Amino acid sequence: MKKCRQCANQATLHITEVLDGQATEIHLCEKCAREYLEDAESLDTESIAADLAAKLQELQSGGDDDLGRMTCSGCGITLNEFREVGRLGCPFCYDSFRDELRPLLENIHEQVLHTGKRPERSAATHDDQTRVLQLRKEQREAILKEDYETAAVLRDQIARIEAMLHGGGDSSAPERESEDE
Amino acid sequence: MTSEHDTAGFLEELSRTSGEWLKGDGPDADIVVSSRVRLARNIAGFPFMTRADDDVRLRLVETLRRAVLAAAPDEGLQFINVALLDEMDSQLLMERQLISRELTVMDGPRGVIVGPGEHLSVMLNEEDHLRIQVLQSGFALQECWNMADALDTGIEASATYAFDEELGYLTACPTNVGTGIRLSVMVHLPGLRMTREIQKVNQAAQKINLAVRGLYGEGSQALGDFFQISNQVTLGCSEQELIENMHEVIPQIVGYERRVRELLCRENRQALDDKIARARAILTGARSISSDETLHLLSSLRMGINLGLVEDISIGDVNALFVHTQPSHLQKLHGGPLKTAERNAARASYLQSRLGSA
C-alpha cells in the first residue's frame, strides 16, 4: 500500500500526470486528491481566462503598444487617447484609424456603408480638408516651439483654404460681447 | 448682430412663455408628448472638440453662426452666446430642451441658435461642431426631419461638411457616424408603468436597436412615467428607413398604453379616480413641493385629462407645467436665486396659481 504523497494517510487515488511527454504517478489520499485536483482546475481556468482576456485585449487594442501609439496625421491624437475618451480628434482620424475602427463600427451599427443623405460638394474638397487639418497641427507645433514666423505663414495658408471650403473666409474674430447689460 | 439686450430679453420672454412643441396638439399627443430629430455635423478642416483650442472654437462659432443664419435669413433666428450666460440662464435653456447638459457644463466659445416657437435649435461646439435639433408636438418625426433636412442643406451651401464616401457624415463619436441622425419621441406611459408592463416595452425596443431613456435624454434615469425612445444605429440605414422603423414601433407602444388605460378605467375606475383626485389636491394645496413629486403628480393629472376624468385643464397647460416648475424657471420668475426650500415653496405657490382656481 502506498502512502499519500502529501500526508501520512493511505493513498486511495493514483493520478497519472503527463508533463512534457513524461508520465508521472502521483499517489494521494481522497482529501488531498480533492485539494490537488481543485487547485489544478482553478489554476487551469484562471490561466484560460487570463489568456482569453489577453486575446480580447489584443483584438480590441490591436495587440501591441505600438498600435496604441499610432497617431492621426491630421490632429496628432493616438489610438490610446481615443480609447480613453471615446471621442476622435478630427475627421481625418476615420482615415488614420480606418482598420482599427472597423470592428467597433460593425459592433455598434452592424453595417459600415453609409446609405443616407449626401452633401453635394464634399468629394472634391477631400484633399483640402486633410491639408488644412495638417496645417493646423503644424501651426500648433510651431507655436509650441515659439516659431511665430512659421506659425504666421501657416495661419495664412489655413485662411486661404478655409475661404475656399466655407466661402466668406472672414478671418476676423467676432466681437466679444460685453457681460454688462 | 445679436446684442446682450436681445439675449436678456429673449430669456425673460422664455421664462414667461412655452415652446410650441409643448402645446399637445400633434398626432397621438395624448401619449407622444414630443418628437425630436437631431443631426450631428462637423465642418471640414477643423478638429473635433477634443483637439480644438479656444482659438479654433471661436473661429468655429463665427463660421457656423454665419452659415446657419445665412441658411435661414428670414426665419427670425436668435443667436445666444452660451459662454457668456450665468448658470441660471444656461440651466433655463437646458430645462427648455434647447441645449444639452453637456453644453451648459463645458468651457470655451460655444452657442445656440434658436428659432421662433422653439421648434428649432442649433447648438454650436457641443460634442460636434453642429447639432441641429427640431422639436414638434406629438408624433411628428417626418415633419421634424423635413425641417432639419432643409436647414442642413441650406447650411451646406456656405460650409463644407466633413463627409466620407463610405462612412457618411463624420462625427466626434463613432456612435453617431453615417447619417448623424438621432430620432427620438418622448412618450408618456403611466398605464404601462402602473401595470408593470413597461419592462416589456424596454426589452422589445432593445431587440430592434431602439434605446429607452429618461426625460432628459442621455445619461439620465427615466423620470416618472416619461420615456424617450430613440434609434441607436446611425450608419447603414437611410434617414427615411430609420423614420419608418420608428413608425412601425411607436404606434404599437401607443396602442398598448391605450389598451392598458382602457382596462384600468373599466376594472379599476375608483382607484384611478382617487389617484388623479389626490394628485390634483396635492398639486393645488401643498405649501412646499419637490420637483420629483411634482413630476409624478403632474403625470397622474395628465393621464386624467387624457381619459376625460379631468375636464377643466388642457394637456398643453400640464405640459408647460413640467417645464415651468423646474428650478431655473422658478428662479427666473422670482428674479434671483432661490435655495432648495425656497424653491419648493415657490413651486407650490406657482402650481396653486396655475391650477388652484380652476
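Since every read-out is calculated from the coordinates, none of them should be taken as a lab result. Quick caveat, the model's predicted, so the values are computed rather than measured. No Cβ is skipped: glycine too gets one built from the backbone with ideal geometry, and neighbour counts run over all protein chains shown.
Given R₀ = 60 Å, what would the calculated FRET efficiency be for residue B:200 paired with residue A:152, taking r from the Cβ atoms and rounding to 0.05? Each step should come with its number before you reach the end.
Values: r = 64 Å, r/R0 = 1.06.
The pair residue B:200/residue A:152 has a calculated efficiency of 0.40.
When a footprinting reagent is the concern and you count Cβ atoms within 10 Å, what order do A:32, A:72 take, fewest first? Mind showing how you got there, number by number?
Details: A:32 19, A:72 25.
With the fewest neighbours first, A:32, A:72 line up as A:32, A:72.
Which ³J(HN,Hα) values in Hz, rounded to whole numbers, follow from the phi angles of the range B:144-157 under the Karplus curve 6.51 cos²θ - 1.76 cosθ + 1.60, where θ = phi - 60° and Gly and Pro get x?
4, 4, 4, 5, 5, 4, 5, 5, 4, 5, x, 5, 4, 5
Please report how far the C-alpha centroid of the range B:245-301 lies from that of the range B:141-159, rounded to the nearest whole angstrom.
36 Å
Give the span of the range B:268-355's Cα atoms along each principal axis, as three whole-Å numbers ordered largest to smallest.
The Cα atoms of the range B:268-355 stretch 44, 22, 18 Å along the principal axes, largest first.
Over the residues of the range B:1-104, compute the C-alpha Rg and express it relative to 2.2 N^0.38 Å. Don't skip to the answer; put the middle values down first.
Working: Rg = 16.0 Å, N = 104, 2.2 N^0.38 = 12.8 Å.
Working it through for the range B:1-104, the quotient is 1.25.
Give the calculated FRET efficiency between residue B:12 and residue B:54 to the nearest 0.05, with a Förster radius of 35 Å applied to their Cβ-Cβ distance.
On the way: r = 29 Å, r/R0 = 0.84.
Once rounded, the FRET efficiency stands at 0.75.
For a quick check: with amide H placed at 1.01 Å from N, whose amide H comes under 5 Å from residue B:168's, ignoring anything fewer than 5 positions away on the same chain?
A:114
Could you grab the Rg to Rh ratio for chain B? Cα atoms only, Kirkwood for Rh.
Details: Rg = 20.8 Å, Rh = 21.3 Å.
Using only Cα positions, Rg/Rh for chain B is 0.98.
Mind checking which lysines have their Cα closer than 20 Å to the Cα of residue A:3? Skip sequence neighbours fewer than 8 apart in that chain.
Filter leaves A:31.
Got a sec to turn the phi values of the range B:132-142 into Karplus ³J(HN,Hα) couplings, 6.51 cos²θ - 1.76 cosθ + 1.60 with θ = phi - 60°, whole Hz, x for Gly and Pro?
Ordered by residue, 3J(HN,Hα) equals 8, 10, 10, 10, 9, 6, x, 8, 9, 5, 4 Hz.
What's the Kirkwood radius of the range A:120-165 in Å, using all Cα pairs?
Working: mean 1/r = 0.0911 Å⁻¹.
Final number for the Kirkwood radius of the range A:120-165 is 11.0 Å.
Is the shape of the range B:29-160 rounded, prolate or oblate, going by the alpha carbon gyration tensor and its root eigenvalues a ≥ b ≥ c, with a/c under 1.5 for rounded and a/b larger than b/c for prolate? Write down the numbers at each step before the final one.
Numbers: a/c = 1.84, a/b = 1.29, b/c = 1.43.
Cα axes put the range B:29-160 in the oblate bin.
Return B:46, A:97 ranked ascending by Cβ neighbour count within 10 Å, so the fewest neighbours appear first. All intermediate terms of the calculation are to be shown ahead of the outcome.
On the way: B:46 27, A:97 23.
Fewest-to-most ranking of B:46, A:97: A:97, B:46.
How compact and how long is the range B:105-146, expressed as Rg and Dmax of its alpha-carbon atoms in Å?
My reading of the Cα-based Rg and Dmax gives 12.0, 36 Å.
Show that you can apply the helix-only estimate: for chain B, add -39,500 (n - 2.57) for every DSSP H stretch of four or more residues, divide by all residues, and state [θ] at 222 nm to the nearest 500. Present the calculation step by step, with values, prior to reporting the outcome.
Details: 13 runs with 172 residues, N = 358.
Calculated from helices alone, the mean residue ellipticity at 222 nm is -15500 deg cm²/dmol.
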